Amino acid sequence: MATARQILQQEIFDQCDQKLLAFVGVSNDSKKKKFGYLCLSDTKEPPSNIYIHQIRFDNKVVKKKRIWSLNELITVDGKTSSQDCLDIELILDKPYKWVANNNQERKIFLISLWKQCASYVFDKKPEFKNLPLDWTSGDLVVLPADRKSKLSLAVSPIISAEDFQPLSEKEERDLELLMKECGFAAKDAKAFTDMLASQLMALDGENVQSVLASEPQVTKLMDQLETAIQEIEKVESALDLYDETLRHVRDTIDKMDQKNANIQTANSNNEKLLNELQKVIHQLELSPKHQLALTDADLTTQSGLRDAITAAKELQAVMNAQIHPALVRLKAIQEQRRRFEKWKAKFSQILSRHLNNLFIHMGNDIGESKKNSNNELTIMKHTTLHRELAAYTELMHWCKAMDRKAFIALNKVYTSSLSKLYERDIKLFLEDAKLRVNAGHLSSSKEDIRRSTGPPSDWLLGVDREFWAQESDAQERQRFDQVLEAVLSELEPICLSEQNFCVSFFQLDVLSPSTKNTQTTLDGSDVKSTQEPLPSLPKTKIEKKINEEVKKIMGEIFACIEPELIAFIQYHERMDSTYSMAVLVRLGRHVMSANDTGSFLSMTYGSALVHVKRNYDKLMHAHLKSIQDVKVAKKTKCGILPFVANFEYFAKTAEQIFRETERRTDLDKWYIKLITAMFETIHSVANEHPKTPAEVIRMENFHHLYALLSQLKISILDQFRKDAKQKYSEALSAYVTRYFGRPLEKLNLFFEGVEAKVAQGIKESEVGYQVAFSKQELRKVTKEYHGREVKKG
């Protein structure tokens, strides 16, 4: 406490020429996060001015935070009358609350504050509340403002808190005893003070004599202190020596600890290096048995094939061992890598030569193209070849990963050999299908050769039926549809089987992780590239790339399917153009029912379907053109037009083919175009024919067309049926009016002209004044008809 008082006085109050009266250590709250002091000071020189200071203690440095004059004090609140309370609240310019750190400091500060307020002149005395009664006794002085300055100079000096010391019990008893012995002190103060002075002088003399008498003892004590100091110095020298020795020992131990740590680190590193080397040796070790199986592989026997597959897998594993990039640069590892490359090249050469010969032999296998013993239309399956090649699947995968060049070469040989085999089988299969369509034999007559090699037959709506080539009957069309279904159904399993085999055999469902010839982690020239992961691709792009690979190899193997299938279809389309409609329906069903629309066969059928649809549209355009360009004899009377007569055969054939199919809209679209062209052509022929009245031509053709549409009951043509009936009725009415209701033609024309003039607004009485309708013109018209003829008409 004394140290704190000294620091505060020197650091704060000496600088402002003030004297510290009392202080208390406080904090802002009970947690004591911010510590400081609350001080009471007075000026050293008169007049006396009392101040309250808040001192902040920050990083062992005291600083003034706030200062108030005692005259600003309004209220002092101790919060409770208990002496154990630590709270202090002063109301100055605003309420301030602190928590004291010590009860004694708080008590002294509040008592000093009360005493200063008791002797200070106020306009309005401060209020002290919630304090013990023995801390505050007496009244505070309150004077008018005009007397403050005069009285403040007359006030006796204030006793500070540090000068005030309460009497102990012993001092109180001694003082009472002294007062009793000197009863006259109350009457004669001077005599009392003289007595006390004489006693004090006597005591001082005795003290001096006592001091002089104790000088030898003091000298002896000083000698003993000197001796003690010398011994202490010796002890300190010994301790310094011990400390130096201990410091040396400590440094030695630290060096030993560091050396031991370095030894342990070296041992640990050696152990890790040994383990890593053992791991590398184990990873890069290939047994002599596997080496022999690679350099002298026997792929013709099952045991030799198994040994070769196991050795190849081991070689791939050691060449793709996960080794730290720094270790890959070691000379021993690079030498081992060169041995691996040598064994890999040797085995890859043996494997490529064996599979190359095997693929070529499969392509030249004549026995695979023989027909089945039963009478069904079938194409040869190659499950035996697939089963034989399946044993080499793992080796083919190894070749793809370890020798890309050899893998690509084998892929080309396989596709080339198999494409020849499938081309031969598919051609024989389609030739057999042609025989079955033609009821077991291929006709060689000139007419059939012309029909099969020339342009499509003249089976057109606008051509008279007597000029048609011999068309197929319903039984032939049904046979063609059955054979076509068999052809499409037989091609699907062989393509699917070959596709599944190629995907498995050539690992087409896995993207190649590298464009390098060999996928290995032991390539010392470019270690970083082997460690870099592949860029991640979206799943859709991966699937798209895989599908492209599958389509590519299937397109090379079955390159003959699309042209041979289109040639087969064209052959029969030339025989009978209605076959194009049957092919459109049948092929469309297979395309729509495909499980995988992106497969090779689906794409092939889709391409053929586009070709067939194009031929179908050409056929319908030809029908439409034949209707528009219909030829009618000019020298004879005209009856029912050829396209009207032929539409029944066309519609029944089309309805039989397109009944309840997905391609129905293609037929309905052309129905509308053909019927619309028929209506227009009927009108144009009726207006242009020189021999037959137009009403007769319209009446006969629309009547026939109405009866035909009523019979066919085609929903899309229902409106045309109603239009045909209406046009037939209009033509019949016009025919009756013209040829049965107007026998006196010129007379009718004369009065029709009169009616026309009246309709134009001319009065009936004025029509006769016009030259064309005068009485003279009427006489000329009536002279031409005899009375008997007029009566008959």
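The values are calculated or read from the model by the stated rules, or taken from the named source; none is laboratory data. Source: prediction; values computed, not measured. A quick note on method: Cβ atoms are made from the backbone with ideal geometry, for glycine too, and the neighbour counts reach across all protein chains shown. The accessibility values were calculated without ligands, DNA or RNA, using every heavy atom of the protein model including side chains. Shrake-Rupley method; radii C 1.70, N 1.55, O 1.52, S 1.80 Å.
Taking a sphere under 13 Å around the Cβ of Lys691 and counting the other residues whose Cβ falls inside, with K and R at +1 and D and E at -1, yields a net charge of +2. The stretch between Lys19 and Glu688, if pulled fully straight at 0.36 nm per residue, gains 226.8 nm over its current Cα-Cα span. Using a Förster distance of 56 Å, how high is the FRET efficiency between Asp718 and Glu766, based on the Cβ-Cβ distance and rounded to 0.05? Efficiency, rounded to the nearest 0.05: 0.60. Put simply, the convex hull of the Cα atoms in the range 73-118 casts, on average, a shadow of 3.1 nm². Computed on the range 187-247, the Cα convex hull volume stands at 102 Å³ per residue.
Count Lys and Arg as plus one, Asp and Glu as minus one, and take only other residues whose Cβ is under 12 Å from that of Val413; the net charge is then +2.
With semi-axes defined as the square roots of five times the eigenvalues of the C-alpha gyration tensor, the equivalent ellipsoid of the range 301-342 measures 27, 11, 5 Å, largest first. The stretch between Thr636 and Glu172 holds 150.0 nm of extra length on full extension. This uses 0.36 nm per residue minus the Cα-Cα distance. Ignoring aspartates and glutamates fewer than eight residues from Lys637 along the same chain, the ones with Cα atoms less than 18 angstrom from its Cα are Asp464, Glu688, Glu695, Glu700. For Phe122, the residues whose modelled amide H falls within less than 5 Å of its own, excluding neighbours fewer than 5 places apart on the same chain, are Leu143.
The charge dipole of the range 269-422, taken about its Cα centre with unit charges on the Cβ atoms of Lys, Arg (+1), Asp and Glu (-1) only, comes to about 460 debye.
On the beta carbon distance between Thr219 and Gln199, with R0 = 35 Å, the FRET formula returns roughly 0.65. Three semi-axes describe the equivalent ellipsoid of the range 678-721; taken as square roots of 5 times the Cα gyration tensor eigenvalues and ordered largest first, they are 24, 10, 6 Å. Between Ser729 and Arg66, the modelled labels are 11.2 nm apart [label points 7 Å from Cα along Cα→Cβ]. A simple spin-label model places pseudo-atoms 7 Å from Cα toward Cβ; at Lys342 and Lys746 they are separated by 12.6 nm. Go from 0 up to the bin containing the longest alpha carbon distance in the range 585-671, width 10 Å each, and give me the % of pairs per bin. With a bin width of 10 Å, the distribution comes to 14, 37, 26, 14, 7, 2, 0. Short to long, the 5 Å bins of the Cα pair-distance histogram for the range 590-633 hold 6, 21, 16, 13, 10, 9, 8, 7, 5, 3, 1, 0 percent of all pairs.
Within the set of other residues whose C-beta is less than 11 Å from the C-beta of Ser715, count the net charge using Lys and Arg as +1 and Asp and Glu as -1. It works out to a net charge of +1. Of the listed pairs Lys34/Lys65; Lys652/Lys673; Lys19/Lys63; Lys44/Lys170; Lys234/Lys255, which have alpha-carbon separations greater than 24 Å here? Among Lys34/Lys65; Lys652/Lys673; Lys19/Lys63; Lys44/Lys170; Lys234/Lys255, the Cα-Cα distance tops 24 Å for Lys44/Lys170; Lys234/Lys255. Solvent-accessible area per residue in the range 690-761 equals 60 Å², computed with a 1.4 angstrom probe and all protein chains kept. Taken over the range 242-329, the alpha-carbon convex hull comes to 104 cubic angstrom per residue. Multiplying the residue separation of Ala332 and Thr393 by 0.36 nm and subtracting their alpha-carbon distance yields 18.6 nm. Once you sort the root eigenvalues of the Cα gyration tensor of the range 258-391 as a ≥ b ≥ c, which label holds: rounded (a/c under 1.5), prolate (a/b larger than b/c) or oblate (the other case)? It comes out prolate by the Cα gyration axes. Site pair Glu466 and Lys673 shows an inter-label distance of 3.1 nm when each label is modelled 7 Å from Cα along Cα→Cβ. Taking the charge dipole of the range 202-356 about its Cα centre, with +1 at Lys and Arg Cβ atoms and -1 at Asp and Glu Cβ atoms, the residue from Leu221, Leu315, Ile281 reaching farthest to the positive side is Leu315.
Take the Cβ atoms of Thr227 and Glu206, set R0 to 45 Å, and the FRET efficiency comes out at 0.90.
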